[in-house]
Amino acid sequence: MTLTVIPNATARRLFLDRHALAEAPVGAASGAALAGLVGRIGFVQVDSITTVARAHDMILWSRRQGYRPAALKRALEGERSLWEHWTHDASVLPVELWPMWRGRFARDEARLREGWRTWFREGFEAQFDTILDRIARDGPVSSSDVGEGEARGKGGWWDWHPSKTALEWLWRTGRIAVTRRDGFRKVYDLTERVIPEAVRGAEVSSEEELDWAWASALERLGFGTAAEVAGYWNAVPLEAARDWLAQALRAGLVEEVEVEGAEGARRRVFALPGLAGMEAPEPPARMRVLSPFDPALRDRKRAEFLFGFRYRIEVFVPEAKRVFGYYVFPLLEGARLVGRIDVKRAGDVLAVRALWPEPGISWGKGRQAKLEAELDRLAGFAGCARVDWAEGWLREPKRQP
């Protein structure tokens, strides 16, 4: 059977449209509009690095440049239209998805307990009831409020003290929830005090959870292999995705098409019916600075196939072995990823240290003007008074190995 082929340019536009990157970054960015934006793209990864602004704030700003971090704080801590939990990492999610996480809570309760017994210090399980009783009696706590007298390590996440480990385990398994962040420190409360009762009361069967996981992933991806669909929420195993997609194909709920990659290769994928015939909006030709953790780039292999853009974050790479830099931002122009930039907030200055166009991209006056306009906007968002350019900032194109 001959499958419909979606050309690369169309595929990129369809994908960016589903990630709210095929339209001008204007419009309301608070309240219901902000919650709706998060729902549209699915999740917003939370990360602590702040070379310019935190990842979650950059992700939202790149889509709605009227966005300000205070709006997200209100949505999470006051309006309760959003909540924080785990996809591939800590993420902000629409609160109405909470019932879909019940299955994950149960699976993680068994999976994490066994793994964490190996990874972490002994004694964290003995703290579960103590912490739950304390929160119920005295209110929200952070990791600094618990574990009095416990040895506190100086290493990474594997060196948590037992009560910190217990807090994280109780959060990952749904017993407690993040009620707010003080700075970047999570503060936890009982789930029933954070998640609205109407949401907690919704009952979802395991079959409904699976149907939601695959259908909602395809809605946000547009198209994908079984691995890409399974990886979107990182909620259930790949084999379950394959089984669901095979059944959905027989039922006519999905169809198979071929998508053309940036280098011309074709990939057989699943899509919601009619996708190939949908109009793919042309994104504005403006330049955008994207977070390395942007949902559109989270699947690095998919981004490389669609855009010909190989990106590997180098935060954990020794400085001498870095190809580009510690924290380099991808540059999106229209529907193309055209380069990456090393830019950092330094006091009231947004400092440009280096820019690498992608191979085959010429960096002329037009692109430079677009970038300067975007960096001026980014400087305002980051609280900087001006943009400074280091000598020799424009570098030769190169590929990341």
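The values are calculated or read from the model by the stated rules, or taken from the named source; none is laboratory data. Everything quoted here is computed from the prediction, not taken from an experiment. No Cβ is skipped: glycine too gets one built from the backbone with ideal geometry, and neighbour counts run over all protein chains shown. These accessible areas exclude ligands, DNA and RNA; they are computed on the full protein's heavy atoms, side chains included. Shrake-Rupley method; radii C 1.70, N 1.55, O 1.52, S 1.80 Å.
At a glance:
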item: When residues of segment 184-205 are limited to those that are assigned to a helix (DSSP H, G or I), touching a residue at least 60 places away in the same chain (Cβ under 8 Å) and not charged (D, E, K, R), the one surrounded by the fewest Cβ atoms within 10 Å (Cβ to Cβ); result: Val199
item: Elements of type strands (runs of 3 or more DSSP E) contained in segment 242-292, each with 1 or more residues being touching a Cys at 6+ places or on another chain (Cβ under 6 Å), at pLDDT 95 or above and open to solvent by less than 20 Å² (accessible area, probe 1.4 Å); result: none
item: Residue list for segment 380-401, filter: aromatic (Phe, Trp, Tyr) and closer than 15 Å to Asp342 by Cα; result: Trp389, Trp393
item: Only listed residue being in contact with a Phe, Trp or Tyr (Cβ under 9 Å, 6 or more places away or on another chain) and either surrounded by 20 or more Cβ atoms within 10 Å (Cβ to Cβ) or within 30 Å of Glu258 (Cα to Cα) (or both), chosen from Pro359, Pro401, Pro397, Pro295; result: Pro295
item: Within segment 307-342, tally of residues that are open to solvent by 50 Å² or more (accessible area, probe 1.4 Å) and either over 21 Å from the mean Cα position of the chain (by Cα) or of a type in the set (Phe, Trp, Tyr) (or both); result: 7
item: The lone exception for Gly325 - which of (1) modelled with pLDDT of 95 or more; (2) over 30 Å from Ala246 (Cβ atoms); (3) small (Gly, Ala, Ser); (4) part of a loop (DSSP other than H, G, I, E, B) it fails; result: (1)
item: Residue match in segment 22-44 (condition: open to solvent by 20 Å² or more (accessible area, probe 1.4 Å) and under 22 Å from Ala230 (Cβ atoms)); result: yes
item: In segment 313-350, the residues that are of a type outside the set (A, V, I, L, M, F, W, C) and closer than 30 Å to Pro281 by Cβ; result: Pro330, Glu333, Gly334, Arg336, Gly339, Arg340
item: Residues (surrounded by 15 or more Cβ atoms within 10 Å (Cβ to Cβ) and assigned to a loop (DSSP other than H, G, I, E, B)) located in segment 170-183; result: Thr173, Gly174, Arg175
item: Cβ pairs under 6 Å, 6+ apart, first in segment 207-226 and open to solvent by less than 30 Å² (accessible area, probe 1.4 Å), second charged (D, E, K, R); result: Gly222/Arg18; Ala226/Arg242
item: Residue in segment 146-160 that is part of a helix (DSSP H, G or I) and at pLDDT 80 or above present; result: no
item: The lone exception for Ala303 - which of (1) open to solvent by less than 20 Å² (accessible area, probe 1.4 Å); (2) in a loop (DSSP other than H, G, I, E, B); (3) out of contact with any strand residue (DSSP E or B) (no Cβ under 6 Å at 6 or more places or on another chain) it fails; result: (2)
item: Checklist (1) buried (at least 17 other Cβ atoms within 10 Å of the Cβ); (2) closer than 27 Å to Ala262 by Cβ; (3) at pLDDT 95 or above applied to Arg345, failing item; result: (2)
item: Number of the condition not met by Leu297 [criteria: (1) part of a loop (DSSP other than H, G, I, E, B); (2) free of Cβ contacts under 8 Å to residues at least 40 places away in the same chain; (3) more than 24 Å from Phe43 (Cα to Cα)]; result: (3)
item: Output for segment 364-394, where each listed residue is farther than 26 Å from Arg68 by Cβ and surrounded by 17 or more Cβ atoms within 10 Å (Cβ to Cβ); result: Arg367
